[in-house]
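A.B. asks: Take this structure, written in C-alpha cells, and hold onto it; I'll ask about it next.
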Amino acid sequence: MSFRGLGKPNATSGMGVADQSKTTYHELQRKKTHRYVVFKIDELKNQVVVEKTGNPAESYDDFLASLPDNDCRYAVYDFDFVTSENCQKSKIFFVAWSPSTSRIRAKMLYATSKERFRRELQGIHYEIQATDPTEVDLDVLRERAN
C-alpha cells in the first residue's frame, strides 16, 4: 500500500487565520460586542474566516441554530452565568463542531487546522468537541463553567 498521495493533508494543517477572525474574537472577548462568533474554513483563501456573529442579546438557541446540520465549523460562545455564591461570571467556550453527517474531507480539514486556530484565540476557558447538538447542550456549558 502506497502513502504517496497522502502528502496533501500537510497543506491543510498550514491553514491561516484571517485578521478579521482575530479582530472579531477580540471584540467578543474584550468589548462584549458579540455573544458568539461562528468561523468557517475558506478553502480558496486557505484561511479561517468569520461566517456569522451574534449580538449580545441573542440566545443560546440562536447560537445552536447558526451551526450547520451537516458541515463542520469552529465557534466561540461567551457564556454568562451566576455562581452558587451569587457572582456574575463569564466564560468563553471554544466549540469544534463536526457533525457525523459532514463530509470526511471537511472533518479532516477542520481536525488538522483546529490546534493552530485555537492557539490564535487567547483567553478561551473551555473547549468542547461536538458531533451532535446534545454535546453542546446548555447544561453541558453550565456543568463545565461551575
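A.B. asks: Enumerate by residue number the GluC sites (Glu not before Pro) in segment 67-146 meeting two conditions: DSSP loop (anything except H, G, I, E, B), and at most 12 other Cβ atoms within 10 Å of the site's Cβ.
C.D. replies: Numbers: sites: 85, 115, 120, 127, 135, 143; in loops: 85.
Taking segment 67-146 and a limit of 12 other Cβ atoms within 10 Å, the loop GluC sites (Glu not before Pro) found are 85.
A.B. asks: Using only the alpha-carbon atoms of segment 71-135 as identical scatterers, what base-10 log of I(q)/I(0) does the Debye formula give at q = 0.13, 0.27 Å⁻¹?
C.D. replies: For the requested q values the scattering log ratios are -0.42, -1.16.
A.B. asks: Ok, one more. Please identify the trypsin sites (Lys or Arg not before Pro) of segment 40-124 that satisfy two criteria: DSSP loop assignment and at most 13 other Cβ atoms within 10 Å. Which are they? Before the final figure, lay out the partial values.
C.D. replies: Working: sites: 40, 45, 52, 73, 89, 91, 103, 105, 107, 114, 116, 118, 119; in loops: 45, 103.
Those that pass, being in a loop and sparsely packed, are 45, 103.
A.B. asks: Can you tell me the orientation of helix 104-120 relative to the chain, as the angle in degrees between its alpha-carbon axis and the longest Cα principal axis, to the nearest 10?
C.D. replies: Here the helix axis deviates by roughly 60 degrees.
A.B. asks: Can you give the accessible area of residue 19 in Å² (nearest 10), computed on protein heavy atoms with a 1.4 Å probe?
C.D. replies: Here the residue's solvent-accessible area equals roughly 110 Å².
A.B. asks: Would you grab the residues whose amide H sits under 5 Å from the one on residue 52? Only those 5+ places off in sequence or on another chain, please, with H modelled 1.01 Å from N.
C.D. replies: 38
A.B. asks: Calculate one ³J(HN,Hα) per residue across segment 129-146 by plugging θ = phi - 60° into the Karplus curve 6.51 cos²θ - 1.76 cosθ + 1.60, and present them in order as whole Hz with x for glycine and proline.
C.D. replies: 9, 10, 10, 8, x, 5, 7, 10, 4, 4, 4, 5, 4, 4, 5, 5, 6, 8
A.B. asks: Let me test this: with uniform point scatterers at the alpha carbons of the chain, what is the Debye-based log₁₀ I(q)/I(0) at q = 0.08, 0.13, 0.15 1/Å?
C.D. replies: Taking Cα atoms of the chain as identical point scatterers yields -0.23, -0.57, -0.75.
A.B. asks: Check residue 129: other-chain or 5+ apart residues with amide H under 5 Å from its amide H, H built from backbone geometry?
C.D. replies: HN-HN under 5 Å from residue 129: 96.
The values are calculated or read from the model by the stated rules, or taken from the named source; none is laboratory data. Treat the numbers as computed from the prediction; the structure is a model and nothing was measured. Reconstructed Cβ throughout: ideal geometry from the backbone, glycine too, with neighbour counts over all protein chains shown. Keep in mind that these areas ignore ligands, DNA and RNA; they rest on the heavy atoms of the full protein, side chains included. Shrake-Rupley method; radii C 1.70, N 1.55, O 1.52, S 1.80 Å.
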